[in-house]
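The values are calculated or read from the model by the stated rules, or taken from the named source; none is laboratory data. Since we're looking at a predicted model, the values are computed, not measured. Methodologically, a virtual Cβ is constructed for each residue, glycine included, from the backbone with ideal geometry; neighbour enumeration extends over all protein chains shown. Ligands, DNA and RNA are excluded from the accessible area calculation, which covers all protein heavy atoms including side chains. Shrake-Rupley method; radii C 1.70, N 1.55, O 1.52, S 1.80 Å.
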Amino acid sequence: MLALSRLGVSLLYETMLGAADAELRTDARAVAEQLAAGTPPAQVRRFELRVVDMSGVPVDGGPALPLRPDQTRALAAGDPFVVGDFRELRRWLAVPAVMPDGSPRLVVVTSDLVGGAILLANAAVGFVLGALIVAIVVALAAWAATRAALRPVDRMRVAAAALPPGERLPVPLAQDELRALAEEFNALLARRDEAVARLERFTGDAAHELRSPVAAIRAQAEVAVAHPDPDLTDETLRAVVDEATRLTTMLSDLLALARADAGQRPPAKPVDLVAAAQAAIDRAGGGSRCNRLDDPVLQLVAPTPAEVGASPSEVALVLDNLITNARRYARSLVRISILPAGRVVRLLVEDDGPGIPAADRERIFDRFVRLSPEAGAGGGAGLGLALVAALVHGRGGVVSAGATPTGGGRIEVRWPALSSRTT
């Protein structure tokens, strides 16, 4: 608005100068015609009209002009100008003339811009005040419009503050941004409620599962203290060690699950899945030679090398849990197959056990789910496959359960391949 005010004053100033120049140029041209007709310069001289040569020296017998040499040159070049200040403005203008003898002359005219300074000052003040008033009106209108536009948002804020658990915000009927905001907020509330419910369920299951090994260790210790028997000492200590090992494993799995849920994972880098599988087999004591005669044999089938995008610790956790789960149900053989398939690497862990019922092939990846807790030695906490699913899904992979052609259990992991190589 201030810029527009300045522009308005400038236009007014230019209009005033244009009107003054038109009047002065008309008078000067009339005198130039008289001079060309032979009228002596002294006869046309007036207070506001003078005749000078091209250098600014008067030829009409009058005094010198009150102008500087540069101003005289500007008049000779045809450029009018204004001198003075806002108390008194004077416009100067020159028109060329040719005397009968062919000598060039300048007809210089000047005039006071009567009331020009006052007009410009009043116009400037008026424009500035008008600009300020318009700016205030626009600001007030914008504030009122903004408040009116945000009033539904404020009502939504009040409704959200008083929203009881499990309820959702009312969705407006209009297809506008406010409806989209309410829908997104309701989706956020749904995710929050789901996360809270999952956390409560997980906490309750974890407390229940942790209670069992702690209670077993306490019971063994209380029996040993109440009935000291040297013959049962070794058996009691072994039972305590087994329960403590189970408790440690469960706590490690819970911590790994918590980190996976929080998205805390190291950057992905190439991991040789074949080498990692062989290392997992060595840790499990499998292969062609087993720790005990009734332990299942762990067989690795890897026709070509394969790399996946993950961290070595994640790959090790996935393989350890899959192999442990398969050994728990296998009769004699656990086969680990690694098959590159374009952009993914298929990891198959199969056993020759009783298999996985079709109704439970999705449920087994939930936490604290055990289809047969008594199977194998010591059973498990039901966290292994849940941890596998969380780690693989965190890297963009897929985990599924199925059956082998002979009816055994099969867990398939499709892991995004970081690169593929052929030999």
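Only protein heavy atoms count here; on that basis, with a 1.4 Å probe, residue 156 has an accessible area of about 30 Å².
Taking a ≥ b ≥ c as the square roots of the Cα gyration tensor eigenvalues, the stretch 270-372 comes out oblate, since a/c reaches at least 1.5 and a/b does not exceed b/c. Over the chain, accessible surface divided per residue gives 59 Å², non-protein components excluded, 1.4 Å probe. Available extension along the chain between residue 175 and residue 251 is 22.4 nm, counting 0.36 nm per residue and deducting the alpha carbon span. With the whole protein complex present, residue 200 retains an accessible surface near 130 Å², based on a 1.4 Å probe.
The alpha carbon radius of gyration of the chain, expressed as a multiple of 2.2 N^0.38 Å, is 2.25.
A simple spin-label model places the labels of residue 168 and residue 142 3.8 nm from each other, with each point 7 Å out along Cα-to-Cβ. Counting only protein heavy atoms and a probe of 1.4 Å, the accessible surface of the chain is 59% carbon and sulfur. In this structure, residue 124 and residue 157 have a Cβ-Cβ separation that, at R0 = 30 Å, corresponds to a calculated FRET efficiency of about 0.05.
If the segment from residue 341 to residue 37 were pulled out straight at 0.36 nm per residue, it would be longer than the present Cα-Cα gap by 98.7 nm.
Go ahead and estimate [θ] at 222 nm for the chain from helices alone: -39,500 (n - 2.57) per DSSP H run with n ≥ 4, summed, over the residue count, rounded to 500. Don't skip to the end; give the middle numbers.
Values: 9 runs with 216 residues, N = 423.
Rounded to the nearest 500, the figure is -18000 deg cm²/dmol.
About its Cα centre, the chain has a charge dipole of approximately 540 debye under the convention of +1 per Lys or Arg Cβ and -1 per Asp or Glu Cβ, with nothing else charged.
For the chain, a Gaussian network of Cα nodes joined below 10 Å ranks 368, 185, 47 by mean-square fluctuation, and the top entry is 47. Shown is the FRET efficiency for residue 269 and residue 197, computed with R0 = 41 Å from the Cβ-Cβ distance and rounded to the nearest 0.05: 0.70. Comparing 31, 345, 388 in a Gaussian network model of the chain, where Cα atoms under 10 Å apart are tied by springs, the biggest mean-square fluctuation is seen for 31.
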